[in-house]
Amino acid sequence: MGLANDAEALFRKMGANGISPNVVAYNALMKAYVKAGRLRQALKLESEMRAKRTRPDVVTYGTLINACSKLREVDRAFSYFSRMREEGIEPNRVCYASLIDACSKSVKLNSAFQVLQEMRKNQIKPDLYAFNTLIDACGRARMSDRAFDCYYNLLESGLQPDTVTFNALISACGRSRDINGAFKALNLMIDEFGYSPDLHTYNTLIDACSKAKDASRAMEVYKRLKAENVQPCAVTYNALIDAWGRAGRTDMAMKLLQNLEEDAVVPDCYTLNTLVHAFCRVGDMSRAFEVITYFGTKFRVVPDQVTYNTIIEALKKAERYDEAWDMFDEMIQSGLQPTKVSYNSMACGCLRALDPHGATK
């Protein structure tokens, strides 16, 4: 945020001194806004440019499309892309790659591949970033087979994959519940290219095991991580706890919490929610409440909306409607706004209480 503020102050000082900012100055400020996450301000700057009769260039449009990607506004990204063509500005690799990324984040896989085809049609060779983004797009669409197609296409294009490529490939397999594909990607990473897995690689692989409900393999990855002296983080333990929680092994989930503390890793609210969910899955509400109390006392981690929604839903399923109402009231009193999930759980609970023979069927 500091750099963006500095850039903004310098930019406004130019105007105050009678110096009209040119397209380079506007692009620099726009990029600073995007880097600082001030995406709406970056988009507004384009209107100011036009009001000051400063014509956008390819860098401007690349930055605008990138901002739209981060905002997950794919239609607006395509609008900017079309406008630049109408103004006679040919898109470069950055524009195409950012547009592919916008399609990926909006899970529009076919659109992402159409952009790739147009890129090649205009004789712009896709770079590694474009391919990594396409692999990510395939993952978001839960299509690991197409992710591997992108990987082999990348190799055929004469490019060398990097760790980002393999992490994206493992993630794509995890989202697709393709655990064998995830380990295949790991082996390619190590055996074919000699890359050492980093913490992100291990976390992504553990998460893939968790999604595939294979807690044992998740534990094997964790042991490998420890053996290679890679320091686990909260994300590592959250994925492991989730894996054992999905398996109904709350004993292992709590053992991992102990390991987390021994490694001096600070748990977060996601850790809390994962443990609460684990106990709710097996119907052990008393332990779920104990975990909430423990996290508040030991780590000063307080429940959020997800915590309350998980507890309310579990109480509803156990037909403990009065307690569900108490939690709903506590949620509001703690300053949290109930979500659509909260209201749906309570509404279904009310109907079940009124018609226990099937009013919600």
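The values are calculated or read from the model by the stated rules, or taken from the named source; none is laboratory data. Since we're looking at a predicted model, the values are computed, not measured. As a convention, Cβ positions derive from the backbone with ideal geometry for all residues, glycine included, and neighbour counts pool all protein chains shown. Ligands, DNA and RNA are stripped out before the accessible areas are found, and what is left, the full protein with its side chains, is counted by its heavy atoms. Shrake-Rupley method; radii C 1.70, N 1.55, O 1.52, S 1.80 Å.
Give me the residue from segment 14-28 that is open to solvent by 90 Å² or more (accessible area, probe 1.4 Å) and either closer than 20 Å to Y61 by Cα or modelled with pLDDT of 70 or more (or both) and, out of that set, nearest to the chain's Cα centre (by Cα).
Selected residue: V24.
To keep it simple, each residue is scored yes or no on (1) over 22 Å from R93 (Cβ atoms); (2) of a type in the set (D, E, K, R).
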{"site": "M119", "(1), (2)": "no, no"}
{"site": "M143", "(1), (2)": "yes, no"}
{"site": "F148", "(1), (2)": "yes, no"}
{"site": "Q160", "(1), (2)": "no, no"}
{"site": "T163", "(1), (2)": "no, no"}
{"site": "D178", "(1), (2)": "yes, yes"}
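If you scan segment 205-232, which residues turn out to be surrounded by fewer than 17 Cβ atoms within 10 Å (Cβ to Cβ) and more than 22 Å from S176 (Cα to Cα)?
Selection gives K223, R224, K226, A227, E228, N229, Q231.
Filter segment 29-43 down to residues that are surrounded by fewer than 17 Cβ atoms within 10 Å (Cβ to Cβ) and modelled with pLDDT under 90, then give me how many there are.
Taking segment 29-43 and keeping what is surrounded by fewer than 17 Cβ atoms within 10 Å (Cβ to Cβ), we get 35, 37, 40.
Then drop every residue that is not modelled with pLDDT under 90, which leaves 35, 37.
Residues meeting the conditions: 2.
Please find, among R146, R120, the residue that is buried (at least 18 other Cβ atoms within 10 Å of the Cβ), farther than 27 Å from L39 by Cα and of a type in the set (K, R). Walk me through how you get there before you give the answer.
Working: R120 fails: buried (at least 18 other Cβ atoms within 10 Å of the Cβ).
It is R146.
Starting from residues that are without any contact (Cβ under 8 Å) to a residue 12 or more places away in the chain and outside any loop (DSSP other than H, G, I, E, B), keep the ones in segment 97-138 and report whichever is nearest to the chain's Cα centre (by Cα). Talk me through it step by step, then tell me what you get.
As a first pass, look at segment 97-138 and keep what is without any contact (Cβ under 8 Å) to a residue 12 or more places away in the chain: 110, 114, 117, 120-121, 123.
Remaining after also requiring outside any loop (DSSP other than H, G, I, E, B): 110, 114, 117, 120-121.
Details: N110: 20, Q114: 24, Q117: 26, R120: 29, K121: 31 Å.
By that ranking, first place goes to N110.
If we scan segment 283-297, do we find a residue that is outside any loop (DSSP other than H, G, I, E, B), of a type in the set (G, A, S), within 21 Å of the chain's Cα centre (by Cα) and under 30 Å from L199 (Cα atoms)? Reasoning before the result, please.
Taking segment 283-297 and keeping what is outside any loop (DSSP other than H, G, I, E, B), we get 285-297.
Filter once more, so that each one left must be of a type in the set (G, A, S): 286, 288, 296.
After this cut, where a residue has to be within 21 Å of the chain's Cα centre (by Cα) as well, the list is none.
No, that holds for no residue.
Hey, does segment 340-348 have a residue that's within 25 Å of the chain's Cα centre (by Cα) and touching a residue at least 12 places away in the same chain (Cβ under 8 Å)?
yes
Return only the number of the condition from (1) open to solvent by 60 Å² or more (accessible area, probe 1.4 Å); (2) within 23 Å of A218 (Cβ to Cβ); (3) at pLDDT below 95 that E323 does not satisfy.
For E323, the failing item is (2).
For segment 50-70, which positions are touching a helix residue (DSSP H, G or I) at 6+ places or on another chain (Cβ under 6 Å) and either open to solvent by 50 Å² or more (accessible area, probe 1.4 Å) or in contact (Cβ under 8 Å) with a residue 60 or more places away in the chain (or both)?
Residues satisfying the conditions are V59, K70.
How about segment 295-320: which of its residues are of a type in the set (V, I, T) and either on the phi > 0 side of the Ramachandran plot or open to solvent by 40 Å² or more (accessible area, probe 1.4 Å) (or both)?
Pass one, segment 295-320, residues of a type in the set (V, I, T): 297, 301-302, 306-307, 310-312.
Hits for segment 295-320 are T297, V302, V306.
Residues checked against (1) surrounded by fewer than 14 Cβ atoms within 10 Å (Cβ to Cβ); (2) at pLDDT 95 or above; (3) in contact with a Ser or Thr (Cβ under 8 Å, 6 or more places away or on another chain):
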residue	(1), (2), (3)
D251	yes, yes, no
M254	no, yes, no
Q258	yes, yes, no
Y270	no, yes, no
T274	no, yes, no
A278	no, yes, yes
F289	no, yes, no
T293	yes, yes, no
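Determine if segment 305-315 includes at least one residue that is closer than 30 Å to V230 by Cβ and touching a residue at least 12 places away in the same chain (Cβ under 8 Å). So that I can check it myself, show each step before the final result.
First pass over segment 305-315, keeping only residues closer than 30 Å to V230 by Cβ: 306-307.
If we keep only those that are touching a residue at least 12 places away in the same chain (Cβ under 8 Å) as well, we get 306-307.
Yes, that holds for at least one residue.
In segment 155-173, how many residues are open to solvent by less than 40 Å² (accessible area, probe 1.4 Å), over 16 Å from P197 (Cα atoms) and at pLDDT 95 or above? Give the derivation first.
Of segment 155-173, the ones open to solvent by less than 40 Å² (accessible area, probe 1.4 Å) are 157, 161, 165-173.
From what is left, the residues that are over 16 Å from P197 (Cα atoms) are 157, 172-173.
Remaining after also requiring at pLDDT 95 or above: 172-173.
Adding up the residues that qualify gives 2.
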